[in-house]
1. For the chain, find the longest principal axis of its Cα atoms and tell me its angle to the long axis of helix 127-137, 0 to 90°, nearest 10.
2. With the crude spin-label approximation of a point 7 Å out along Cα→Cβ, what separation in nm comes out for residue 336 versus residue 257?
3. Determine, for 236, 263, the number of other Cβ atoms within 10 Å of each Cβ, and report the residues in order from fewest to most.
4. Highest mean first, how do 183-195, 96-108 rank when packing is the count of other Cβ atoms within 10 Å averaged over residues?
5. What value, in deg cm²/dmol to 500, does the helix sum -39500 (n - 2.57) over DSSP H runs of n ≥ 4 give at 222 nm once divided by the residues of the chain?
6. Mind telling me which of 29, 134, 241 comes out most flexible in a GNM of the chain, alpha-carbon contacts under 10 Å?
7. For 293, 147, 45, which order do you get if you count the other beta carbons within 10 Å of each Cβ and list the fewest first?
8. Quickly rank 205-213, 295-303 as a protection proxy: mean count of other C-beta atoms within 10 Å, highest first.
């Protein structure tokens, strides 16, 4: 009898050993990013996709649509809400028409000095909760940010300091930046990113707020605009990964963690790559392009930040979410010593 029991136990153990494992839960996500696959950022996004798929051992599959190939960049957020996409990798700044709060998750303007300060607000201030409350209101979930770094202006005339902004007609995206630059007598003209270079070439504008110094060079901005500022001070947009909330909530916990971790790696590398390329171009462009580079003084930067704070407070009145986000940023900037 004892032998039979031992034999039976062995049979059960073998049966369990060779029983098929439970099928792993698969996740398929359709995303869109505004950058082309062959750009520096596109390559970083490709590495993000590879990280997610590799760390999940193939349980997560990502269909990444580059260069806004499914819908226009500003429309990707709504496409994710409606289910045309699952996730949007553009920027919250495109959604300021929905809620002024998106200005303060898209581009704070005149606030932080580098990507790590801004990311620190998200992860070590109360930023993530405040930001995600805004996203949740529109049936989206904020997964994370990647931030390239400070942007530089391009101009056909000198940009030595705030005084040179008076009467300066330049391309600027819509949003709060118009209010800030008008404080210095500038004449911002709202137009899309793709129009910046041609508008300069045709003389419609004298300058452009386009991107960082390296990207400005790559798109040909400095072929016409021979004056710029570096390091930047006025704008540091954050690009997001935001997903349909119902889709995100349904993901297994370990899939969420993998995507969040890959997103934080993307943020680190985007900041590092941009820092290196900007430094290289700032050193080379004066001789290769005849570019004049102006490093604004601490006092001039402070003047811009003061004007920005006035705009923050005005925009804080536009929605409860904007007010919450402005208060959150302000508290954290004081903690970092950026504001008194």
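1. So the inclination is approximately 80 degrees.
2. 2.9 nm
3. 263, 236
4. So the order, starting with the most tightly packed, is 96-108, 183-195.
5. Computed ellipticity for the chain at 222 nm equals -15000 deg cm²/dmol.
6. The residue that fluctuates most here is 29.
7. Least to most surrounded, the residues fall as 293, 147, 45.
8. Result, highest mean Cβ count within 10 Å first: 205-213, 295-303.
Each value in this text was obtained by applying a stated rule to the coordinates, not by laboratory testing. As the structure is a computational prediction, the values presented were derived from the model and not from experiment. We place every Cβ from the backbone using ideal geometry, glycine too, and count neighbours over all the protein chains shown.
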